1. Listed residues B:73, B:55; which is part of a helix (DSSP H, G or I), modelled with pLDDT of 90 or more, surrounded by fewer than 17 Cβ atoms within 10 Å (Cβ to Cβ) and out of contact with any helix residue (DSSP H, G or I) (no Cβ under 9 Å at 6 or more places or on another chain)?
2. Consider residue B:174 carefully, then state whether it is more than 22 Å from residue B:225 (Cβ to Cβ) and free of Cβ contacts under 8 Å to residues at least 60 places away in the same chain.
3. With respect to residue B:5, determine if the residue is buried (at least 16 other Cβ atoms within 10 Å of the Cβ), assigned to a helix (DSSP H, G or I) and modelled with pLDDT of 95 or more.
4. Could you count how many residues in the range A:16-66 are without any contact (Cβ under 8 Å) to a residue 40 or more places away in the chain and over 13 Å from the mean Cα position of the chain (by Cα)?
5. Considering only strands (runs of 3 or more DSSP E) fully contained in the range A:40-152, which possess at least 1 residues that are more than 9 Å from chain B (Cβ to nearest Cβ) and crowded, with 19+ Cβ neighbours inside 10 Å?
6. Let me confirm something: among B:180, B:168, which residue is in contact with a helix residue (DSSP H, G or I) (Cβ under 8 Å, 6 or more places away or on another chain), closer than 28 Å to residue B:88 by Cα and within 14 Å of chain A (Cβ to nearest Cβ)?
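The values are calculated or read from the model by the stated rules, or taken from the named source; none is laboratory data. What you are looking at is a predicted structure, and each value in this text was computed from that prediction instead of being measured. Note that we place each Cβ from the backbone using ideal geometry, even for glycine, and neighbour counts take in every protein chain shown.
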């Protein structure tokens, strides 16, 4: 990574969601090597690279699923793995993640979308929420609003199992937006979707970014990265080889491998 | 009883009489005796399955979601426990509650509580084993989703149990089936005392030995009807998906 890009990343580390010099691996194999990256609220960062290059691992570290073998994961400058479990839960609740698979619960769309809100309530309020018409007003409104953003306002009472793949993925996005996180992590969210569902999700991501969310989207679709991202990081073999504004990365990348990947010549 | 069935047969034909005839049987025994036996069976089995479920679910969650040395062995032991001979369980529980046993001070020999203990031991491997299979079949992505949305460990466990609910209920029903149809261990630890520890199964065993086959058959029909009723209620509550 160039000195200028590292400096830009370091400046962001104090006010965004960031990883700093993280390395991580599984079963003795290094997946990520000394990666530093940050995203601020109100911007979309696309992480592109060939399949198997460590994009999902990076997002799971940002979502505080796993503790990195080395380096730090930070939120607003706070090293998350030095916090207590309770403080880390609080940090986790400011971050939402949508996976490549929708992973919906086997209940209704409404229950899926309201899940994040329900787990944030005290147990007393959760019990009250089970009673019809009591204490569920805010939840209903948030569910309705989130489903509207993904164009599924009428689907609240459907069983999740009855949705198409595209609709399920849109519900997966809606249930993350429902609890209004500060950061949204998207792991190849449209890789199995048709163009219409892809467009709906990209539009929803754009809307939420405009509302102030920090978005990180991992994708191997460069056209998608070009459409949605303010900044782009190119990952190859567990390392970030290029990081900068989208126009710069796509038009004048510094690293020759980044150029090869963008031109479709880097074959894995 | 002998006069009732021919009367139905005359009125509705032999096929219908064969089906509904047993409903009009004039029971050759005290009504209180049957009600007592049914209530003891239900009390002992439902209580044992209730405690067994409370014990089995956390164990299933812990075993299903963690990796530790000897896990495969533990699962194998649990699965083996599903077929554990009930008379041996009865014998062990009898030793435990007898005067010289570790629970001797509680004076539990030939009590319903001792029967609950033995049925607990018999039902637990069934409920635990099936529940482990059910919770491990829940896709990891579902747990990841619960975590990503800010769930605590308890929230994630509850979400997993909810996803595995049909499998878990199947396990509980299988455990109830094992408990309520049990003869050997409850006979040993309960003593088959009329009005106190006599269950439907031990009553059937006794009546058969004494040559009262009609009564044994009626008690058997009641036992089957009870199991069907409980399964039906659970099926209904589960929305027909079990």
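1. Answer to the selection: B:73.
2. Taking the combined requirement at face value, the residue does not satisfy it.
3. no
4. Residues flagged as without any contact (Cβ under 8 Å) to a residue 40 or more places away in the chain and over 13 Å from the mean Cα position of the chain (by Cα) within the range A:16-66 amount to 4.
5. In the range A:40-152, A:44-48, A:70-75 are the strands (runs of 3 or more DSSP E) which contain 1 or more residues that are more than 9 Å from chain B (Cβ to nearest Cβ) and crowded, with 19+ Cβ neighbours inside 10 Å.
6. When all the criteria are applied, what remains is B:168.
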